[in-house]
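Let me begin by presenting the structure, written as structure tokens, before commenting on it.
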Amino acid sequence: MNISALQAHYREKRPKSASFFEQAKNHITGGVNGNLRFFEPFPITFQEAKGAWLFDLDGMRYVDYLLSYGALLLGHGHPSVREAVQRVWQEQGTSSFGATYPLELDMAKELKTLYPSFEQVRFTNSGLEATLFALRLALAFTGKSHIAKFEGHYHGSHDQVLVSVNPDWERAGDPQSPQAIPESYGMSDYYLKHTVVLPFNDWAACETILTKRKDEIGAVILEPMLSGYIAANRDFVMRLRELTKQLGIVLIFDEVKTGFRISLGGAQAFYGVQPDLTALGKIVGGGFPIGVVGGKREILELASPSHSRNRGETVFHSGTFNGNPMSLAAGLATIRHVAQPGTFERIVARTTRLRNEIESLGQHYGIPVKTIGEGTIFNVVLVEGEITNYRDLRFARKDVRLALDFLLMDHGVYSKPLNRFSMSEAHGDEEIRATVDAFERSFAVLKKL
Ligand SMILES: Cc1ncc(COP(=O)(O)O)c(C=O)c1O
């Protein structure tokens, strides 16, 4: 599919974003503060957001399905969140104590009611820090040297897990025993040697690798839904829980994307499985930076400085802004709002309605589009067969999806090209209608390309 005409049109309609990007890239590496934020020919520069809507420098508006990578379950600037953050200023007078204060306990208790696998928690500033800390705890607890992760799963930008996230098909190796492929230049060989890559949803292959390397592997970390939308088979998750228990391996659910999105209790409530440790992020901060590690007391206690252990025998964890009042207040306001009876269910019902409309439009226009996901996240994948793991994604028409994304942006819908769709409470009838209309117009053009 020739995308250049669509990109030329995109450029023509956004002279201010184009010119901003030209300036920005002289000062900010690549013009973006994160490689994933870039797309060709240049990313849109936004200047305002409200509810479910984004407004760009060129005066165009979009229904937002990126929602800051899924972090905003109530949409932009929800009144409860604003009020909670303003209250912090008024009542506490600071945005950071760098010390303990009551809101930390409120949040810890709130999380424990929704995530019964949490006996204790620690707060961090990002999902990256949460998975890093969870893995360090797991290796300390087991005394082993290696971690195992699944091909295609993302756990943040630290070296231990920046392995085989999006490996080239040609280099990825045997599907049943994938190669560890670095995701970045500059990573030490140490990580490639100490991170074992597992095939997702292939139980026989996983069991073989884990059993064979049980003396080295101290942790298995996974996104229970690959990239937030490709679900683990229920049986696969159950068996993984059983086997890791038997082999003395700490099971870590990375629920940074799925937490509060698949269900309020995350993917672990959906599957009815309790991991040993869980990483949360995104929604827990209500739009402010956060990460959480929650799980078994006996594992988390290894980080407790109040035990009389030698310093070398305590798991180190710290951070200037850990558990800062702004993130906790905004997060608590979000969780309490969405936990009101019927609220989460309403967001899920609207997500399902939108997905159904997109799929039936696809059928009408003869475009093989599937919406894959659970709860309040889904992705739009152009594929005929089933998608159960990273390798299956090679059958998807990424080129058509990219064209669709440019057409959607042209008609006022934004998810960032090739990204999944997250919904929020702010996505109501008007937004869904505008989105369905944009899909219809885009499919009509796509059909002729
Ligand atoms: C599953 C998962 N884990 C970890 C992270 C890293 O979180 P952060 O970007 O807050 O560092 C992400 C971010 O998208 C994620 O989706």
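The values are calculated or read from the model by the stated rules, or taken from the named source; none is laboratory data. Just so it is clear, the model here is predicted, and its values are computed rather than measured. When we count neighbours, we look across all protein chains shown, and the Cβ atoms used for this are built from the backbone with ideal geometry, even at glycine. Side chains are part of the model used for accessible areas, which takes the heavy atoms of the whole protein and leaves out ligands, DNA and RNA. Shrake-Rupley method; radii C 1.70, N 1.55, O 1.52, S 1.80 Å.
Tabulated values for the structure
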item: Protection proxy ranking, peptides 244-251, 43-50, average beta carbon neighbours within 10 Å, highest first; result: 244-251, 43-50
item: Dipole in debye (nearest 20) - the chain, about Cα centre, beta carbon charges: Lys, Arg +1; Asp, Glu -1; result: 100 debye
item: The chain: angle of helix 429-448 to the longest principal axis, Cα-based, in degrees nearest 10; result: 70 degrees
item: Calculated SAXS-style log₁₀ I(q)/I(0) at q = 0.08, 0.09 Å⁻¹ - the chain, Debye, Cα scatterers; result: -0.47, -0.60
item: Electrostatic dipole magnitude of the range 79-338 [Cβ: Lys, Arg +1; Asp, Glu -1; Cα centre; debye, to 20]; result: 480 debye
item: Carbon/sulfur fraction of accessible area - the range 282-333, other protein chains in place, 1.4 Å, %; result: 52 percent
item: Kirkwood-type radius of the range 97-251, with distances r between different C-alpha atoms, in Å; result: 16.6 Å
item: Along principal axes, Cα extents of the range 321-365, largest first, whole Å; result: 50, 26, 9
item: 27 Å Cα-Cα reach of residue 16 towards lysines, excluding residues that sit fewer than 8 places from it in its own chain; result: 25, 50, 416
item: Whole-Å distance, taken between Cα centres, linking the range 299-355 and the range 25-46; result: 29 Å
item: Distance histogram in 5 Å bins (all Cα pairs of the range 79-338, percent per bin); result: 1, 6, 13, 18, 19, 16, 12, 8, 4, 2, 1, 0
item: Electrostatic dipole magnitude of the range 13-105 [Cβ: Lys, Arg +1; Asp, Glu -1; Cα centre; debye, to 20]; result: 240 debye
item: Antiparallel DSSP beta bridges within the chain, percent to nearest 5; result: 60 percent
item: Ordering of 275-281, 56-62 by burial proxy (mean other Cβ atoms within 10 Å per residue, highest first); result: 275-281, 56-62
item: Built amide H within the under 5 Å cut-off of residue 120, gap 5+; result: 295, 297
item: Under 5 Å, built H, 5+ apart or other chain: amide partners of residue 65; result: 414, 415
item: The range 305-359: chymotrypsin sites (Phe, Trp or Tyr not before Pro) in DSSP coil with no more than 13 other Cβ atoms inside 10 Å; result: 316
item: Descending Cα extents along the principal axes, the range 170-290, whole Å; result: 38, 35, 26
item: Distant alpha-carbon pairs in the range 302-449 (separation over 24 angstrom), percent; result: 49 percent
item: Between 0 and 90°, nearest 10: helix 102-114 axis offset from the chain longest Cα axis; result: 80 degrees
item: Above-threshold pairs, the threshold being 24 Å between Cα atoms, out of 212/282; 112/245; 245/282; 112/144; result: 212/282; 245/282; 112/144
item: Given charges at Cβ of Lys, Arg, Asp, Glu: the range 1-108 dipole, positive-most of 95, 4, 46; result: 4
item: Mean residue ellipticity (222 nm) of the chain, computed from DSSP H runs ≥ 4 via -39,500 (n - 2.57), nearest 500; result: -12000 deg cm²/dmol
item: Relative packing of 226-237, 169-180, which averages over residues the other C-beta atoms within 10 Å, highest first; result: 226-237, 169-180
item: Phi to ³J(HN,Hα) by Karplus 6.51 cos²θ - 1.76 cosθ + 1.60 over the range 144-157, Hz, x for Gly, Pro; result: 9, 10, 10, 10, 10, 9, 9, 4, x, 8, 10, 10, x, 9
item: Residue-wise HN-Hα coupling along the range 266-271, computed from phi with Karplus coefficients 6.51, -1.76, 1.60 (Hz; x: Gly, Pro); result: x, 5, 5, 6, 4, 8
item: The range 227-351: mean projected area of Cα convex hull, nm²; result: 9.8 nm²
